[in-house]
Amino acid sequence: GISEKVSFKGIKERAKECLGFIADERGLSKEELADRIVPTCELDENGTRVFDFGPRQFTFALGPDLKPALKDETGKRLSDLPKPNTKDDAAKAAEAVAAWKLLKKLVADVARTQAARLEQAMVVGRRWTPEEFNQLIVEHPLMGLLAQRLIWAAYDGNGTLIQTFRIADDRTLADVQDELSEIPDNAAQIGIIHPAYLPEGVRGKWGEVLSDYDLIPPFVQLGRPIYALTDAEKDAKSITRFAGIKDIDPKTLLFGLDNQGWTRGTPQDSGWFTEHYKHFPSANVYAVVSYHGAPVGYMEGWEDQEVNEIFFVRESSDATWGWVSSNSVKSLVPLKDVDPIITSEALYDITRLVEKGRKS
């Protein structure tokens with residue numbers, strides 16, 4: 001939580017360093033470590049918990065907005081526990097109310113954080129082995145609840161799509177026809193499928209299934225907008241469509257990139273950083289966005305930003321040193337050779353932040 005949300009950059013970065021050290025000690029990546037430390041929030045194996053008033057019981061349920069909710073014994077959904085009455089067991093009710101207050105805050109924080117992690121997993125093409133998928137996602141009390149609202153895919157050892165499926169509320173798997181399904185024996189990887197890889201008819205059928213079960217995804221998946229290169233950009237080495245927009249709020253742009261899974265580039269000699277990058281491991285590519293620049297420390301009242309360019313580089317030795325511009329990179333990938341989904345996702349992030357950050 002500190003590494004993701006604390007506003008003091010020094011403390012936040014130190015927490016990230018500690019997580020990195022722990023991950024290295026265990027032979028894990030940071031994301032693999034993050035998978036293994038998601039709290040259960042004291043939910044049972046089915047993702048539920050009962051709050052007992054004695055004659056009345058209320059069961060935890062995750063609301064469509066990822067906020068904790070409850071159901072009474074008739075199945076009616078409640079946003080909060082009712083006040084105990086004279087018929088309730090006073091001691092049990094007091095204990096239940098105290099436990100609910102703690103759970104409510106914890107689940108809300110964890111659900112938001114994990115939803116963002118799952119979205120980034122879809123964006124960058126991160127995948128799990130079938131064993132990891134079952135243990136860390138399907139069988140996890142809280143992750144399973146989030147995962148039930150998404151469409152998943154199984155891939156073979158070459159990364160070829162085998163089938164898509166969803167997780168039912170009883171933690172079994174179901175196909176697009178809503179029939180019981182299983183992970184194929186030849187599946188080597190499981191991931192959250194990007195809608196661009198789904199034929200329109202299949203995407204529509206999955207949308208109907210989610211609608212039938214009143215399942216609202218924790219982030220935009222099936223209806224995600226797709227951004228394409230212009231004809232001129234297809235023959236270019238970088239995207240410069242945002243150049244000339246000079247009134248972008250620095251905090252909106254730079255903190256927004258942080259929150260969307262981009263990493264700040266290496267500060268230059270003057271103490272400025274002028275770029276963010278995002279790793280797409282499934283394609284061994286980094287997306288890089290460069291802008292006017294801001295100081296490493298205090299950013300309040302800093303001058304407006306302009307996005308200079310977006311470009312893509314292969315994983316290589318120069319990846320650890322940062323990039324100043326597309327002209328300085330030896331491992332530059334021509335835009336026409338970049339996976340269109342990676343291009344779309346980079347443009348999706350930058351377009352939203354530019355629109356949100358413009359002052360005029």
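The values are calculated or read from the model by the stated rules, or taken from the named source; none is laboratory data. Computed from a predicted model, the values in this text were never measured in an experiment. Cβ atoms come from the backbone with ideal geometry, glycine included; neighbour counts cover every protein chain shown. These area figures cover heavy atoms from the full protein model, side chains too; ligands, DNA and RNA do not enter into them. Shrake-Rupley method; radii C 1.70, N 1.55, O 1.52, S 1.80 Å.
Structure notes:
- Scanning the range 196-209 for residues that are farther than 21 Å from Ala168 by Cβ and in contact (Cβ under 8 Å) with a residue 40 or more places away in the chain yields Ala196, Tyr197.
- Looking only at residues in the range 253-273 that are polar (S, T, N, Q) and over 18 Å from Glu345 (Cα atoms), the one that is modelled with the highest pLDDT is Thr266.
- Residue match in the range 176-191 (condition: over 30 Å from Gly54 (Cα atoms), part of a loop (DSSP other than H, G, I, E, B), among the β-branched types (Val, Ile, Thr) and out of contact with any strand residue (DSSP E or B) (no Cβ under 9 Å at 6 or more places or on another chain)): no
- Of all residues in the range 33-47 being open to solvent by 60 Å² or more (accessible area, probe 1.4 Å) and of a type outside the set (Lys, Arg), the one that is nearest to the chain's Cα centre (by Cα): Ile37
- Subset of the range 258-292 [of a type in the set (S, T, N, Q) and part of a helix (DSSP H, G or I)]: Asn259
- Checking His292, His276 one by one, the residue that is modelled with pLDDT of 85 or more and more than 21 Å from the chain's Cα centre (by Cα) is His292 and no other.
- Selected residue [modelled with pLDDT of 95 or more and within 25 Å of Gly256 (Cα to Cα)] from Ile193, Ile167, Ile137, Ile151: Ile193
- Any hit, the range 184-193, residues being within 27 Å of Gln135 (Cα to Cα) and exposed (fewer than 13 other Cβ atoms within 10 Å of the Cβ): yes
- Sole residue being at pLDDT 90 or above, more than 30 Å from Trp302 (Cβ to Cβ) and not in a helix (DSSP H, G or I), chosen from Ala228, Ala243: Ala228
- Restricting the range 48-84 to residues that are of a type in the set (Lys, Arg) and assigned to a loop (DSSP other than H, G, I, E, B), the residue that is surrounded by the most Cβ atoms within 10 Å (Cβ to Cβ) is Arg49.
- Filtered residues of the range 231-240 (kept if open to solvent by 70 Å² or more (accessible area, probe 1.4 Å), in a loop (DSSP other than H, G, I, E, B) and not charged (D, E, K, R)): Thr240
- Lone qualifier among Gly54, Gly47 - being in contact (Cβ under 8 Å) with a residue 24 or more places away in the chain, more than 25 Å from Leu146 (Cα to Cα) and small (Gly, Ala, Ser): Gly54
- Qualifying residue in the range 301-324 (condition: at pLDDT below 85, in a helix (DSSP H, G or I) and of a type in the set (S, T, N, Q)): yes
- On the stretch given as the range 101-157, residues that are under 21 Å from Ser211 (Cα atoms), under 11 Å from the mean Cα position of the chain (by Cα) and open to solvent by 10 Å² or more (accessible area, probe 1.4 Å) total 1.
- Residue match in the range 138-147 (condition: in contact with a Cys (Cβ under 9 Å, 6 or more places away or on another chain) and either of a type in the set (D, E, K, R) or outside any strand (DSSP E or B) (or both)): yes
- One residue alone among Asp170, Asp175 is more than 21 Å from the chain's Cα centre (by Cα), within 15 Å of Val138 (Cβ to Cβ) and open to solvent by 20 Å² or more (accessible area, probe 1.4 Å), and that residue is Asp170.
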